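Please read the structure below before turning to the comments.
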Amino acid sequence: MNIFADFTQRVKNALQELELKDKDGFSPDLSRVVVEAPRDPAHGDFATNAAMVLAKPLGMKPRDLAEKLVEKLNDDPDVTEATIAGPGFINLRVAPGVWQRVLGSVLELGVDFGSVQQVPAPKVNVEYVSTNPTGPMHVGHIRGAVVGDALANLLSFAGNEVVKEYYVNDAGSQIDTLASSAFLRYREALGEDIGQIPAGLYPGDYLIPVGESLKQEFGLSLKEMPESEWMPLVKERAISAMLDLIREDLATLGVEHEVFFSEKSLHERENSNGSKIDQMLDGLRAKGLVYEGTLPPPKGQVPEDWEDREQTLFRASDYGDDTDRALKKSDGSYTYFAADVAYFEDKFKRGFKETIYVLGADHSGYAKRLQAVGKAVSGGETDVIVRFCQLVKLMRDGQPVKMSKRSGDFITFREVVDEVGSDPVRFMMLFRKNDAPLEFDFKKVTEQSKDNPVFYVQYGYARCRSAMRQAAEELKGSDLGDANLAGADFTLLSDSGELELIAKMAEWPKVIDAAAETHEPHRIAFYLHELASSLHGHWNRGKEMPHLRFIDAGNSKLTLARLALVRAISLVLASGLAILGVNAPEEMR
């Protein structure tokens, strides 16, 4: 039950009954008409902008239009008062039955309250993390992992068929470097003194087990092979070991991808038509999207190795990019961009109507080129959404953290999660908008205080569960199941704090719609914090005024109604925490 969508439609129905026409005799466009919660609750339960956005196209003064609309809205049995504010905003107060229906809907639907059923469910691909498989992930990958995972959860809750995907960069020169580094560790495992790791190779100790594994599998035979023979063997095993390492790191945050897509598979010859990239290029040529030409020099200082030469170019600028993009290098091999185009084409052929890329801040220039690819290859059938995650600055009690026990030169993903736990990491990475810088303080995120958002929200859920356990103990024999609570007399919930909590829960479906539409999972974290704050505020009022407490042994009907409220709050909190991938604890210690 989306009460805001409900009343938006009521306002539109009232406008249609007025039979308004613009200067050309057409009915006005009502798409910009919305119903929102007012900034100041004292003004009413809802507010609508209808008169403000329609007055000009209708050639009317906003207040004149508002007067006509208010007269219609006051005829609605669920509207107790419709008034005009300022130049033409309309405030609405609604009957108590509206809030009672919201509460009943939460109890009826449980954690599915606010979810959406779309038939057929649009297919959405969310690609995130996608770090090179050359070692353990570092702290810079955490935010993208959390944002991407929560966004996928959110879109699934909003009724989409979602696939979580990881793009494995296993075809570049960095993989040759990985194999060479692993081969060095293999020689070390055989007892050879390898000395200091040469510049250009990966020095981390995480490759020592890979060397040991190669020794166990191949003995001395690898060492006796020429590089052309041992290289593919070591590559395959090193990549597999690194992906296992990455999966283990991601699992500590509860992140699991359904698809690991290999970049190498785009380059491998499939049939007589060549590789997927070959086929992609042939398809682009047939559509006139590729040509042979030259590019202007890069802006700013021109690199010494820049060449003014003819290249195979994709007409990216025709689709919103800043420049056309090269698909082949001077040696005839494909560019990284060519793989990006073939990869998107593969997604398009898999039927995705929306493809989302969650990238690090260092890829900020990729948005236009990826969107250009999407428009060109899909003919506009697939939307391409790109979200960037700004850097995370690690702090400890206000001081920057600059150490690592495992890698020697960067702080690993695992070190952060192992120290503070998955819940604080996931919640705090979502308690800022993804493109805003974020400070993560190890001490603050583990404090048990109202200043720690994740504790504050989880404590709210735990308080609800504690109240229900206490009620079960004090009211032995009472049926406190959801079905019985849904039948409680909600008219008894008349205190301003109780009504505020119901109104806040009524916002949940609207928050889901807005967060899914804008691809902003941080809105969920913000909302949960607001709901928990309202709960804690009302709880504290009950400490000072016993008649507001949830359990009143002398008034079973009122107690049942208040327990229904408590149960509903716990369901919404649990639902939101699940989207964020954060646990809803039964108790806090």
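Every read-out reported here was derived from the displayed coordinates using simple, explicitly stated rules and does not represent laboratory data. A quick note: this is a predicted structure, and the numbers were derived from the prediction, not measured. Cβ atoms come from the backbone with ideal geometry, glycine included; neighbour counts cover every protein chain shown.
Brief remarks follow.
- Structural descriptor for the range 242-332: relative contact order 15 percent, calculated from alpha carbon pairs under 8 angstrom and at least 6 residues apart.
- Length-normalised contact order of the range 453-580 in % [C-alpha pairs under 8 Å, at least 6 apart]: 44
- Considering only Cα atoms, the convex hull volume of the range 76-127 works out to 193 Å³ per residue.
- Reported value for the range 242-296: 176 Å³ per residue, from the convex hull of its C-alpha atoms.
- In a DSSP loop and with at most 16 other Cβ atoms within 10 Å, the chymotrypsin sites (Phe, Trp or Tyr not before Pro) in the range 372-453 are Phe442.
- Excluding the site residues themselves, the longest part of the chain lacking any GluC sites (Glu not before Pro) in a DSSP loop with at most 15 other Cβ atoms within 10 Å is 20-191.
- Cα-based shape type of the range 331-417, given that a ≥ b ≥ c are square roots of the gyration tensor eigenvalues and the cut on a/c is 1.5: prolate
- Among residues other than Glu517 with Cβ under 11 Å from its Cβ, the summed charge is 0 (Lys and Arg +1, Asp and Glu -1).
- The alpha carbon radius of gyration of the range 141-266, expressed as a multiple of 2.2 N^0.38 Å, is 1.28.
- Hydrodynamic analysis of the range 453-580 uses the Kirkwood radius over alpha carbon pairs. Inserted into Stokes-Einstein at 4 °C and 1.567 mPa s, it gives a translational diffusion coefficient of 86 µm²/s.
- Along its first, second and third principal axes, ordered by size, the range 1-155 spans 67, 41, 34 Å in Cα coordinates.
- Zero-based 5 Å bins, Cα pair distances in the range 3-94, whole percents: 3, 15, 28, 28, 16, 7, 2, 0
- Where only alpha carbons of the chain are counted, the Rg and the Dmax (Å): 29.4, 91
- Computed [θ] at 222 nm, helices only, for the chain once each DSSP H run of length n ≥ 4 contributes -39500 (n - 2.57): -15000 deg cm²/dmol
- Percentage relative contact order, the chain, counting C-alpha pairs under 8 Å, at least six apart: 16
- Computed over neighbours whose Cβ is under 14 Å from that of Glu498, the net charge equals +1, Lys and Arg +1, Asp and Glu -1.
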